[in-house]
1. When only Cα pairs under 8 Å and 6 or more residues apart are kept, what is the percent relative contact order across the chain?
2. Can you work out the FRET efficiency for the pair residue 199 and residue 51, with r the C-beta to C-beta distance and R0 = 25 Å, to the nearest 0.05?
3. Quick check: pseudo-label points 7 Å beyond the Cα along Cα→Cβ at residue 156 and residue 107, how many nm apart are they?
4. Helix 222-233 versus the longest principal axis of the chain: what angle, 0 to 90°, nearest 10, using Cα atoms?
5. Using Cα centres only, tell me the gap between region 280-335 and region 105-179 in whole Å.
6. What are the principal axis extents of the Cα atoms in region 33-334, in Å, biggest first?
7. Taking only Cα atoms, what is the 0 to 90° angle, nearest 10, from helix 313-324's long axis to the longest principal axis of the chain?
8. Any chance you could run the full-extension gain for residue 310 through residue 237? It's 0.36 nm times the residue separation minus the Cα-Cα distance, nm to one decimal.
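None of the figures in this text is laboratory data; all of them are computed from the coordinates on show. Given the structure is predicted, the values throughout are model-derived calculations rather than measurements. With ideal geometry, Cβ positions are generated from the backbone for all residues, glycine too; neighbour counts draw on all protein chains shown.
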């Protein structure tokens with residue numbers, strides 16, 4: 001065999017051996033991540049995909065890929081996605097549109113600053129309105145008119161300045177979607193998002209006036225949540241269809257406010273951002289451990305669903321999920 005040909009053969013053999021060892025190491029790391037996931041008592045599911053291929057899939061006993069769960073505040077990321085689609089279709093003028101167009105009672109409010117609140121202020125949690133989350137959540141969802149309750153809250157900051165996490169902001173977006181599209185939020189979500197992604201979205205609770213809950217209580221399966229993550233991974237594309245503008249994905253994953261409860265995280269358009277072992281993750285986050293984390297530079301999506309039972313251990317659970325991502329999944333994907 002001529003020497004140049006022999007050299008090429010030897011090089012191919014060497015590279016194949018290296019690739020084989022790397023592949024085995026990667027498989028071993030994902031297997032270790034699977035075992036770590038199975039050891040978390042609150043975890044119901046974990047799916048990891050790399051460039052569209054499933055590299056890890058775990059379900060606790062009684063849970064499956066298609067069993068729906070309450071994804072809690074991950075609902076906010078879905079609502080943001082729907083707003084982006086509605087703007088692209090011209091149904092909502094844009095993020096700078098004042099919401100007084102949809103809630104004319106704001107023009108009569110004693111505080112004239114409320115008439116300056118924009119769609120973007122709701123998306124970024126910078127409406128300035130006193131929060132309807134945390135200690136105020138119970139009184140809000142127990143009220144007779146959720147929309148009026150939210151809009152009647154006093155301003156604690158000028159609109160567009162400070163981030164204050166509030167589920168009411170996202171619920172106002174659901175009402176805006178209903179008014180702007182002529183469909184309820186579930187119907188629009190099914191037609192514009194779930195259907196094109198290949199699934200049927202379950203109905204979820206409504207407020208006393210019939211508006212679908214805009215910031216909580218959506219029912220989705222792990223695979224459906226993964227489809228949302230994939231959409232953001234692919235910059236709004238599903239196959240050959242651009243369901244969501246790529247610019248909306250970029251805007252959603254650009255931090256505009258910092259959480260005072262989690263200062264290592266920023267907030268975009270309904271999506272959180274955080275550094276994971278040197279990699280930026282853009283993620284939907286729901287109470288208890290409902291996540292769709294997107295690492296676009298790695299082609300990686302990590303989805304988890306977890307128990308929503310109230311308990312202090314949920315904080316440790318969240319740290320344990322992030323530890324699996326940082327210590328096992330990201331190094332394996334990076335290799």
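1. Working: 601 pairs, mean separation 78.2, N = 335.
Relative contact order of the chain: 23 percent.
2. Values: r = 21 Å, r/R0 = 0.85.
Given R0 = 25 Å and the Cβ-Cβ separation, E is 0.75.
3. 3.0
4. 90
5. Answer, in whole Å: 29.
6. For region 33-334, the Cα extents along the three principal axes come out at 58, 44, 35 Å.
7. Once rounded, the angle reads 40 degrees.
8. Here the segment from residue 310 to residue 237 would lengthen by 22.6 nm.
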